[in-house]
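The values are calculated or read from the model by the stated rules, or taken from the named source; none is laboratory data. All values derive from a computational prediction rather than experimental measurement. So basically every Cβ, Gly included, is an ideal-geometry build from the backbone, and we count neighbours across all protein chains shown.
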Amino acid sequence: MKAFEKGFNIVTSTLLAAVVILAILLAGIRLFGIHPYTVLSGSMEPAYHVGSLVYVVKADPEDLKVGDDITYMLNSSTVVTHRIVEILPDEDDPTVLRFRTKGIANNTEDGTPVHENNVIGKVIFTIPALGYFAHFVQTPPGLYIAIAFAVVLLVLVFLPDLLFGKDDTPKAPADASGDASGKARGDQNTDGATDTPTPPDTEGAADTPTPPEDKP
């Protein structure tokens, strides 16, 4: 029974750790200004495979350079991650930068240079295949399954306490009680021997004659 409980705890602890790591990679990392995006096409193969998750951090347009991979808004509903191949000033306002981009796997450059205001940020790292899971949990079925899994995992974490309970009975150390009782007995014997009075020697007193009393 103890072996089963130990194995059960190992499995639940591993699952709980995996869920925590996934939560950090998908949501918690946003607290540090890093935003994940799922790669849905192969235009950036082999750098970013389909289903990968790219992590993007906000960058100053002036700090971007040719060769950087940027994520930008193509339109109000489409986000693209492509590589910068040229940086040029805006035709109407030379103080504004535009970025000509290209997918690594594409044969031609993108048609319209990206306005600096449309740049979301620069890609700093990627995790292959994690984007499939991230995309799935954003759908209603995936969200329901994720919530149900979290609830089941919480139940499993507390299940061992409900099934096996905890032994809270304190156990007194046998050696300590034995030493204490032995010491008490030893002290009692010693005290008794010390406190026992020595009987007077009455035999000599009885044999001593009383001298006669002189009369005038």
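Among the numbered criteria (1) surrounded by 12 or more Cβ atoms within 10 Å (Cβ to Cβ); (2) assigned by TED's automatic domain parsing to the domain that holds Gly51, which single criterion is violated by Gly142?
Here Gly142 clears every test but (2).
For the range 61-108, enumerate the residues that are outside any loop (DSSP other than H, G, I, E, B), over 23 Å from Ala129 (Cα atoms) and among the hydroxyl-bearing types (Ser, Thr, Tyr).
Answer for the range 61-108, where residues must be outside any loop (DSSP other than H, G, I, E, B), over 23 Å from Ala129 (Cα atoms) and among the hydroxyl-bearing types (Ser, Thr, Tyr): just Thr101.
Is there any pair with a first residue in the range 86-101 that is touching a residue at least 40 places away in the same chain (Cβ under 8 Å) and a second that is part of a strand (DSSP E or B) whose Cβ atoms are under 6 Å apart and which are 6 or more apart or on different chains, and what are they?
Close Cβ pairs (under 6 Å, with a partner that is part of a strand (DSSP E or B)) do not exist here.
Which residues, taken from the range 30-58, are surrounded by 15 or more Cβ atoms within 10 Å (Cβ to Cβ), farther than 16 Å from Arg83 by Cβ, of a type in the set (A, V, I, L, M, F, W, C) and under 25 Å from the mean Cα position of the chain (by Cα)?
Passing the criteria: Ile34, Leu53, Val57.
Residues in the range 59-77: is at least one surrounded by fewer than 17 Cβ atoms within 10 Å (Cβ to Cβ), basic (Lys, Arg) and over 17 Å from Pro36 (Cα atoms)?
Yes, the conditions are met somewhere in the range 59-77.
Here is a yes/no grid of residues against (1) touching a His at 6+ places or on another chain (Cβ under 7 Å); (2) among the basic types (Lys, Arg); (3) assigned by TED's automatic domain parsing to the domain that holds Val80; (4) assigned to a strand (DSSP E or B):
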{"site": "Ala17", "(1), (2), (3), (4)": "no, no, no, no"}
{"site": "Val20", "(1), (2), (3), (4)": "no, no, no, no"}
{"site": "Ala47", "(1), (2), (3), (4)": "no, no, yes, no"}
{"site": "Val50", "(1), (2), (3), (4)": "no, no, yes, no"}
{"site": "Val54", "(1), (2), (3), (4)": "no, no, yes, yes"}
{"site": "Ala59", "(1), (2), (3), (4)": "no, no, yes, no"}
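The rows are residues; the columns are (1) β-branched (Val, Ile, Thr); (2) closer than 30 Å to Leu153 by Cα.
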| residue | (1), (2) |
| --- | --- |
| Ile10 | yes, yes |
| Ala17 | no, yes |
| Ile24 | yes, yes |
| Gly33 | no, yes |
| Met44 | no, no |
| Leu53 | no, yes |
| Thr81 | yes, no |
| Phe99 | no, no |
| Lys102 | no, no |
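What are the pairs, 6+ residues apart or on separate chains, where a residue within the range 135-160 that is over 25 Å from His35 (Cα atoms) has its Cβ under 6 Å from a residue that is among the aliphatic types (A, V, I, L, M) and surrounded by 13 or more Cβ atoms within 10 Å (Cβ to Cβ)?
Final answer for the pair search is Leu153/Leu15.
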